[in-house]
Amino acid sequence: MTDSLLAVRGLSKHFISGNETVPVIEKLSFTLGQGQSLALTGRSGSGKSTLLNLLCGLEWPDAGTIVMQGQVFDAGRARVRGTTEAWSALRRQHIGVVFQEANLMPALSLLDNVRFRARLAGRDPKNSEDWLTRLDISELAGRYPDQVSGGQRQRAALAMVFAMEPALILADEPTGSLDRHTSDEVIRELFSLQVRYGCSLVLATHDAELADSCQHHLDLGHLSGV
Ligand SMILES: Nc1ncnc2c1ncn2[C@@H]1O[C@H](COP(=O)(O)OP(=O)(O)O)[C@@H](O)[C@H]1O
Ligand SMILES: [Mg+2]
């Protein structure tokens with residue numbers, strides 16, 4: 001993969017369980033090009049969510065380097081003053097995350113959720129309504145998250161992510177809580193918008209068919225790099 005947007009080198013992460021050290025990610029290296037999609041597969045517990053959490057800063061790596069858009073996050077230097085702030089800003093502005101359950105703010109309407117995410121990324125929120133229209137939920141703009149279905153919440157989550165004009169989308173089994181039909185519809189929207197707007201995508205899934213829709217594939221069950 002050339003013109004890399006994201007480069008991961010020697011990334012490692014372990015957890016402590018009782019007296020045991022459980023290695024989850026071990027010396028993982030891969031690169032992802034601008035506009036490219038990568039499927040993360042592997043059995044439950046193989047580290048898909050952990051890797052996504054490392055990439056979006058929810059977990060701290062033990063070792064290794066993540067380079068995104070030329071900015072280096074190095075586990076060894078991460079505690080040096082200033083480096084984590086720069087990395088946080090990069091994530092806030094350029095990385096959109098979609099979880100299995102839509103993580104919307106319950107006290108905000110769907111439209112205000114989208115506006116909020118756009119502003120957080122430093123984008124003009126004026127296009128937020130257009131994003132709801134593109135995701136086919138414009139008539140639900142004034143509703144609150146608990147007043148719409150799971151599929152509609154996930155559409156709103158996608159509208160939030162695209163409204164921030166991300167360079168990279170991290171999706172963790174984003175339709176895992178939806179029925180097959182709704183899941184297929186939401187995933188189709190995700191792929192179509194990702195291609196149209198040229199952002200890169202890392203998608204954790206246990207669905208082999210879905211993984212085949214991505215250009216690249218990393219099977220954490222076998223701990224091999226791409
Ligand atoms: N915060 C944590 N503390 C301890 N162990 C964890 C933690 N998060 C994940 N793990 C363990 O790390 C392994 C990988 O988990 P996870 O990344 O959630 O896998 P996947 O998403 O592929 O199902 C599992 O064995 C899990 O129990
Ligand atoms: Mg997971």
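The values are calculated or read from the model by the stated rules, or taken from the named source; none is laboratory data. Values in this document were obtained by computation on a predicted structure and should not be read as measured data. With ideal geometry, Cβ positions are generated from the backbone for all residues, glycine too; neighbour counts draw on all protein chains shown. Quick note on the areas: whole protein, heavy atoms, side chains included, nothing else; ligands and nucleic acids left out. Shrake-Rupley method; radii C 1.70, N 1.55, O 1.52, S 1.80 Å.
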- Message: Could you tell me the relative contact order of the range 9-64? Use alpha-carbon pairs under 8 Å, at least six residues apart, and round to a whole percent.
- Response: 42 percent
- Item | the range 1-78: trypsin sites (Lys or Arg not before Pro) in DSSP loop, at most 16 other beta carbons within 10 Å | ARG43, ARG77
- Task: Return one whole number: the accessible area per residue of the range 10-159 in Å², for a 1.4 Å probe.
- Result: 49 Å²
- Note on the structure: Taking 0.36 nm per residue of separation between TYR197 and ASP74 and subtracting their Cα-Cα distance, the length gained on full extension comes to 41.4 nm
- Query: For the range 81-148, what's the radius of gyration and Dmax over Cα atoms, in angstrom?
  - Reply: 13.7, 46
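What is the sum of charges around PRO106, taking Lys and Arg as +1, Asp and Glu as -1, for the other residues whose C-beta is under 15 Å from the C-beta of PRO106?
Local charge sum for PRO106: 0.
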- What does the charge count near GLU26 come to, summing +1 for each Lys or Arg and -1 for each Asp or Glu among other residues with Cβ under 12 Å from its Cβ? +1
- ARG119 and HIS181 label points (each 7 Å along its Cα→Cβ direction) are spaced in nm at 3.8 nm
- Item | Lys, Arg +1 and Asp, Glu -1 on Cβ, resulting dipole of the chain about Cα centre, debye, nearest 20 | 740 debye
- For GLN215 paired with ALA89, estimate the spin-label separation in nm (one decimal), with each label point 7 Å from Cα along the Cα-to-Cβ line. 2.9 nm
- Query: Roughly what angle does helix 180-197 make with the longest principal axis of the chain, taking Cα atoms, 0 to 90 degrees, to the nearest 10?
  - Reply: 80 degrees
- Surface share of carbon and sulfur [accessible, 1.4 angstrom probe, percent] for the range 100-226: 46 percent
- Item | √(5λ) per eigenvalue of the Cα gyration tensor, the range 43-183, largest first, Å | 29, 19, 11
- Item | Relative contact order (%) - criterion: Cα under 8 Å, at least six apart; region: the chain | 28 percent
- What value, in deg cm²/dmol to 500, does the helix sum -39500 (n - 2.57) over DSSP H runs of n ≥ 4 give at 222 nm once divided by the residues of the chain? -10000 deg cm²/dmol
- Query: Rounded to two decimals, what is Rg over Rh for the range 141-226 when you use alpha-carbon atoms and the Kirkwood radius?
  - Reply: 0.99
- Task: Jot down the per residue volume, in cubic angstrom and as a whole number, of the convex hull over the alpha-carbon atoms of the range 1-92.
- Result: 107 Å³
- Message: Please report the antiparallel percentage of DSSP beta bridges with both residues in the chain, rounded to the nearest 5.
- Response: 55 percent
